[in-house]
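Enquirer: Here's a structure for you.
Just so you know, all these numbers are worked out from the coordinates, no wet-lab data involved. All values reported here derive from a predicted model rather than from experimental measurement. Neighbour counts are summed over all protein chains in view; Cβ atoms, including those assigned to glycine, are modelled from backbone coordinates with ideal geometry.
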Amino acid sequence: MISDTVGFIRDLPHALVAAFHATLEETVQADLLLHVVDAASPDREQQIEAVTEVLEEIGAAAIPQIVVWNKLDLIAATPGVERDECDNIARVRVSARTGAGLELLRAALAEMSLKLAAPIEFNNSRSHNDTHDHRHSDVAQ
């Protein structure tokens with residue numbers, strides 16, 4: 001699902017978040033959030049913080065995110081993917097107007113969808129047989 005909240009979250013006083021809970025509820029149900037940032041905005045850091053605060057207030061702060069810096073064409077930046085210290089995608093830089101970097105965003109989405117769909121690995125030293133219920137294992141012969 002893709003939902004556009006540009007302007008909505010920025011203009012929404014935090015006291016009113018509860019009143020718009022139904023509108024924001026779909027965000028809480030998401031598997032992945034694309035947080036699109038206007039890279040050319042002088043207020044981008046405050047806008048990022050406002051979105052982060054709202055996500056915390058509605059209980060969506062733990063949902064994986066890709067931060068997408070858009071409008072690179074206006075700030076003469078190059079498209080790219082930035083990763084955190086654990087090699088997870090932290091930010092993708094694109095220009096929706098020129099299309100620059102959109103292939104990187106598609107690849108980032110594909111990578112994240114694979115990570116989100118990957119089975120959980122358990123590093124438990126006990127085998128399946130050890131954890132199986134053996135109450136009925138004493139069968140008379």
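Enquirer: Quick check: pseudo-label points 7 Å beyond the Cα along Cα→Cβ at residue 109 and residue 63, how many nm apart are they?
Expert: Going from the residue 109 label point to the residue 63 one covers 1.5 nm.
Enquirer: Quickly work out the residue 82-to-residue 41 label distance, labels modelled 7 Å from Cα along the C-beta direction, and quote it in nm with one decimal.
Expert: 1.6 nm
Enquirer: Take the Cβ-Cβ distance between residue 117 and residue 25 as r, set R0 to 22 Å, and report the resulting FRET efficiency rounded to the nearest 0.05.
Expert: Calculated value: 0.40.
Enquirer: Tally Lys/Arg at +1 and Asp/Glu at -1 over every other residue whose Cβ is under 14 Å from the Cβ of residue 102; what's the total?
Expert: Working: positive: 71, 93, 97, 106; negative: 73, 103.
So the surrounding residues net to +2.
Enquirer: Order the peptides 83-91, 102-110 from the highest to the lowest mean number of other Cβ atoms within 10 Å of their residues. Don't jump to the answer; show the numbers that get you there.
Expert: Numbers: 83-91: 11.6, 102-110: 14.9.
Those peptides, ordered most packed to least, come out 102-110, 83-91.
Enquirer: Net charge near residue 62: determine it from the other residues with C-beta under 14 Å of the C-beta of residue 62, scoring Lys and Arg +1 and Asp and Glu -1.
Expert: Here the charged neighbours net out to -3.
Enquirer: Turning to a different aspect of this structure: Quick one: net charge around residue 115, please, counting Lys, Arg +1 and Asp, Glu -1 for every other residue with C-beta under 12 Å from its C-beta.
Expert: Combined, the nearby Lys, Arg, Asp and Glu give -3.
Enquirer: Could you work out how much longer the chain between residue 102 and residue 48 gets when fully extended? Use 0.36 nm per residue separation minus the Cα distance between them, nm to one decimal.
Expert: 17.4 nm
Enquirer: Would you work out if segment 8-117 is rounded, prolate or oblate? Take a ≥ b ≥ c from the square roots of the eigenvalues of the alpha-carbon gyration tensor; rounded if a/c is under 1.5, else prolate when a/b is larger than b/c, oblate otherwise.
Expert: Values: a/c = 2.17, a/b = 1.33, b/c = 1.64.
Verdict is oblate for segment 8-117.
Enquirer: Sequence gap at least 6, Cα distance under 8 Å: using those rules, report the relative contact order of segment 8-117 to the nearest whole percent.
Expert: Relative CO of segment 8-117 lands at 22 percent.
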